[in-house]
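The values are calculated or read from the model by the stated rules, or taken from the named source; none is laboratory data. This one's a predicted model, so the numbers in the text were calculated from it and none came from an experiment. Every residue, glycine among them, receives a Cβ derived from its backbone with ideal geometry; neighbour counts consider all protein chains shown.
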Amino acid sequence: MSERETTRLVAWSKELRQVHHRLRQALEVTRASLTDGTTGEAATRELLLYCRGFCAALDSHHKGEDRTLFPAIAAAHPELRPVLRSLEQDHSMIAHLLGGLQAAVERAAPPEELDLHLEGISALMENHFRYEERQLLTVLETLELTAAPGEVLGPL
C-alpha cells in the first residue's frame, strides 16, 4: 500500500473530526446570534439564516453517514451494527429537534424559547459526536471507502 493510500484511509477519521468541529462552531455562532443585541425583525432574519445553515449542515452530515458511511462500516465490521443503530437513532432524534427549532424560528419565538431548543440540540449533538468518535475513529482509520468526503460527511 502506498503512502498516499494510507493517508486517504486515515483521512476519514480526520475528516469526521473536522466536520464535527465545524458543526460545533456553527452551533456556537447560532447561539451567539440570540444574544448579540439585535432585536425585532432583523434579529429574526439573522437567526433564521444561522439556523437554516446550521440545521441543513447537520442534517446533511447525518444523511451522508446513514446513506454511505454506516453501510460501509457495517459491511467491514458487522460487530458494530448495534453502535450504528444507536447512532442512527440519535440522527432521527436530532432531526426531530431541528424541526422543532426551525418551526420556532419561523414563528419568531422569543429568544429564551429558541435558546432552549438550541440547548437541547447542543446536548444531544455533543453526546452523539463524542460517542461516535469513541466508537468509530479507529475503524475510520482503516476503512476503505472510495467516495467524495462531502457525500459521506456532508459539506466540509
Going by what's in this entry, would ALA109 be described as under 22 Å from ARG17 (Cβ atoms), aliphatic (A, V, I, L, M) and either free of Cβ contacts under 8 Å to residues at least 12 places away in the same chain or touching a strand residue (DSSP E or B) at 6+ places or on another chain (Cβ under 8 Å) (or both)?
no
Counting only residues in the range 12-43 that are modelled with pLDDT of 75 or more and small (Gly, Ala, Ser), the one surrounded by the most Cβ atoms within 10 Å (Cβ to Cβ) is identified as SER33
Checking ALA103 against (1) more than 28 Å from ALA11 (Cα to Cα); (2) among the aliphatic types (A, V, I, L, M); (3) surrounded by 14 or more Cβ atoms within 10 Å (Cβ to Cβ): exactly one of these is not met. Which one?
(3)
Failed criterion for LEU136 (all others in (1) modelled with pLDDT of 90 or more; (2) loosely packed, with under 15 Cβ neighbours inside 10 Å hold)
(2)
Test LEU156 against the stated conditions and say whether it is touching a Lys or Arg at 6+ places or on another chain (Cβ under 6 Å) and at pLDDT below 95.
no
The range 53-100 - residue that is of a type in the set (Asp, Glu) and under 16 Å from TRP12 (Cα atoms) and, of those, surrounded by the most Cβ atoms within 10 Å (Cβ to Cβ)
GLU65
